[in-house]
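Worksheet: one structure, shown below.
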Protein chains: 2
Amino acid sequence: MPRPPTMKDVARAAGVSVMTVSRAMKDGGSVSAEARARVGAAARDLGYVFDATAANLRLQRTGFIAVTVPTLNNANFADMVGALSRALGAEGLQVLLGATGYDVAQEERLVGQLLRRRPEAVVLTGGSHTAHCRDMLAKAAIPVIETWDLPDEPLGHVVGFSNAATMEMMVQHLTSRGLHRIAFVGGDTNQDTRGADRKRGFLAAMARRGLAADRLIGMGAPPISMRQGADAMARLLVEMPDTQAVICVSDLSAFGALSACARAGVRVPDDMAVAGFGAYEIASVCVPTLTTIDPFPSAIGAAAARLILARDTMDQPFQRIEVTPRLVIGGSTPAR
Amino acid sequence: MPRPPTMKDVARAAGVSVMTVSRAMKDGGSVSAEARARVGAAARDLGYVFDATAANLRLQRTGFIAVTVPTLNNANFADMVGALSRALGAEGLQVLLGATGYDVAQEERLVGQLLRRRPEAVVLTGGSHTAHCRDMLAKAAIPVIETWDLPDEPLGHVVGFSNAATMEMMVQHLTSRGLHRIAFVGGDTNQDTRGADRKRGFLAAMARRGLAADRLIGMGAPPISMRQGADAMARLLVEMPDTQAVICVSDLSAFGALSACARAGVRVPDDMAVAGFGAYEIASVCVPTLTTIDPFPSAIGAAAARLILARDTMDQPFQRIEVTPRLVIGGSTPAR
DNA sequence: ACAGCTTTTGGTAACGATAACATAAAGATT
DNA sequence: AATCTTTATGTTATCGTTACCAAAAGCTGT
């Protein structure tokens, strides 16, 4: 089986030099219309496909942007990657995607693998990484963008928000409705650092108001699923039946909690208020609709893309772009 | 700013030749333990990162597997890509992912872009492509795997199922419960070819039983969302109030339909049965749980990975692997 | 000590594209 | 007509890695 044709083959077929072929493949090159046509025809006849690998080696530019997310199976991250990918694709850049499984060790391995492909920038989810991972990224001398978080010691640019602060918003909302016995459903590991930040924010917000924050339901390792949200609510209804409101680490678990209430005949929001995070589509469709926080995932992706595309401004001090999440009040918490 | 160190730099620092460095980077190479250690130390000191681009050019192997999905933001496709990515990653292969937006023209562009990266195999969602796209893939002389479908004229291997047949299962289930006035909620374009196949399968299953299949609600272009499922059900309740059951093109729209019923005070399944497709997590958590079809997305991904990894068997005639979807009976359709 | 192994090491030439320079042909200017 | 531009084309070297071959070094047994 013969190897795929190269520019050399096209050049021979078109009766020109390789350089002319190379120029004809681009838009700007100064090539006569006639030569360009011959090259085009030869390329079509031979089924020539441009070899990006060779060009990348020569140009020392790959057009890859490495992106890591905890999991692909999450509408928030998918939205971010979608926005990022669309914006970058329009400029000829390719997203090289990897999932860390909410595990910094896995992230370290992944980043190591991705850097071998010589990406032109790295977009990470979260601001928590192993020392070796930070080290590799620092040495790579390419733009690094951390997202979904506001790390104290960022590696480079940041596009994110304070997860803790969103819980202040949510606790404020609930207490303004006269609810004080508030539970939090989340993971019981710190693997999902954003989830852990939200839990910390919840504890701080409760403490600030002198409220007891002893209703913590930990459901294991991330991602915390709908099923786990339902199980958590079932436990809560038995173990702490006087709970007035539940904040869940995400809309998925909040929906599970909602379903558990429906099964148990607990009225939402009258007997129990439920709040989530993420503004997933389900929040606006379920009955009642979910009170949640919209972190604007595609805005995060778009902002990251803008930073990458404005490469020339990358020499400037690292940017810290805050995307302000919005409280979305639904029917799962009481009206004023 | 200096360029990142190369093997040459490492070789100089370690006092050996580039070839020795190259060998030391791999496992099997015959290198003395002492040289290997010196190379390792030098690489660490210099912050050397292997350049996969150069190696790929030389080896004529990129380790890329191109994968296209209609959208990232879909748990079924995310599951498939996740399974594929995990299985391939263990063998050092990298998924190069692209989203077509349910658009064959976009798919064509995407495949063109991906092929320039010289992937070693291509995994496509669906079996419907533009002529030029089919042509490019045929000429690429690499394994092509079409998934989620059983095309009549496959481009290569196939890992899928008959979308139409799943609707026969579903109609059979509903009619066995004595329901005959059945509606179908889906898109009104053929962009989502799998959705369109399911609609066709629905029509055929109804015709086979001599039932009228005139309750078709078309909700525009894919993806059909929860919101659109809710709108469709709202319309249906007004326009065809005697409808007994609704089959939705996916669990997302089915859940929307369920919510619309809840809002309208329509009891499910007593007044209206609802069925979906996809066995998304929501189907097993919502109240009532959804009757749906599980297409086993991660089994599809795993099977595709197996085909790719068994490269040597790729010369054999194209394989056609059927993954049999399973009817999952939930509370949204009446018990027997 | 020496032939006959195996193991380790190094030099050279690719892989397929393009930047940089050099040259030739055509067109514009005096 | 002679010179200066501009445009079109070709030649050479290179990006960082590895296959291939050849040579050197380390072993073994006589």
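The values are calculated or read from the model by the stated rules, or taken from the named source; none is laboratory data. In this text, all values refer to a predicted model and were calculated from it rather than measured experimentally. No Cβ is skipped: glycine too gets one built from the backbone with ideal geometry, and neighbour counts run over all protein chains shown.
Based on this model, can you work out whether A:Ala141 counts as at positive phi and either modelled with pLDDT of 95 or more or within 14 Å of chain B (Cβ to nearest Cβ) (or both)? Considered against the rule, which asks whether it is at positive phi and either modelled with pLDDT of 95 or more or within 14 Å of chain B (Cβ to nearest Cβ) (or both), A:Ala141 comes out as yes.
Restricting the stretch B:172-199 to residues that are part of a helix (DSSP H, G or I) and in contact with a Leu (Cβ under 8 Å, 6 or more places away or on another chain) leaves a set whose member that is surrounded by the fewest Cβ atoms within 10 Å (Cβ to Cβ) is B:Thr175.
Within the bounds of the stretch A:223-233, is there any residue that is more than 21 Å from A:Ala75 (Cβ to Cβ), among the basic types (Lys, Arg) and modelled with pLDDT of 95 or more?
no
With respect to A:Glu91, determine if the residue is modelled with pLDDT under 95 and either at positive phi or in contact with a helix residue (DSSP H, G or I) (Cβ under 7 Å, 6 or more places away or on another chain) (or both). Taking the combined requirement at face value, the residue satisfies it. Quickly run through the stretch B:81-116 and pick out the residues that are surrounded by fewer than 22 Cβ atoms within 10 Å (Cβ to Cβ) and charged (D, E, K, R). Result: B:Arg86, B:Glu91, B:Asp103, B:Glu108, B:Arg109, B:Arg116. The set of residues in the stretch A:74-96 that are more than 26 Å from B:Ala55 (Cα to Cα) and in contact with a Gly (Cβ under 6 Å, 6 or more places away or on another chain) comprises A:Asn76, A:Met80, A:Ala83, A:Leu84. Candidates are the residues of the stretch B:1-47 that are among the hydroxyl-bearing types (Ser, Thr, Tyr) and within 7 Å of DNA strand D (Cβ to nearest atom); the one that is farthest from the other protein chains (Cβ to nearest Cβ) is B:Ser22. The number of residues in the stretch A:1-51 that are under 23 Å from B:Met136 (Cβ atoms), of a type outside the set (A, V, I, L, M, F, W, C) and loosely packed, with under 12 Cβ neighbours inside 10 Å comes to 6. Of all residues in the stretch B:1-26, those satisfying the criterion of being of a type in the set (Gly, Ala, Ser), within 12 Å of DNA strand C (Cβ to nearest atom) and farther than 16 Å from B:Asp51 by Cα are B:Ala14, B:Gly15, B:Ser17.
One residue alone among B:Ala260, B:Ala230, B:Ala207, B:Ala234 is over 29 Å from the mean Cα position of the chain (by Cα) and within 13 Å of chain A (Cβ to nearest Cβ), and that residue is B:Ala234. Of the residues making up the stretch B:53-80, those that are buried (at least 20 other Cβ atoms within 10 Å of the Cβ) and within 7 Å of chain A (Cβ to nearest Cβ) are B:Thr53, B:Asn56, B:Thr62, B:Leu72, B:Asn73, B:Ala75, B:Ala78, B:Asp79. Taken together, A:Val158, A:Val122 contain a single residue that is more than 14 Å from chain B (Cβ to nearest Cβ), within 22 Å of A:Gln319 (Cβ to Cβ) and assigned to a strand (DSSP E or B), which is A:Val158.
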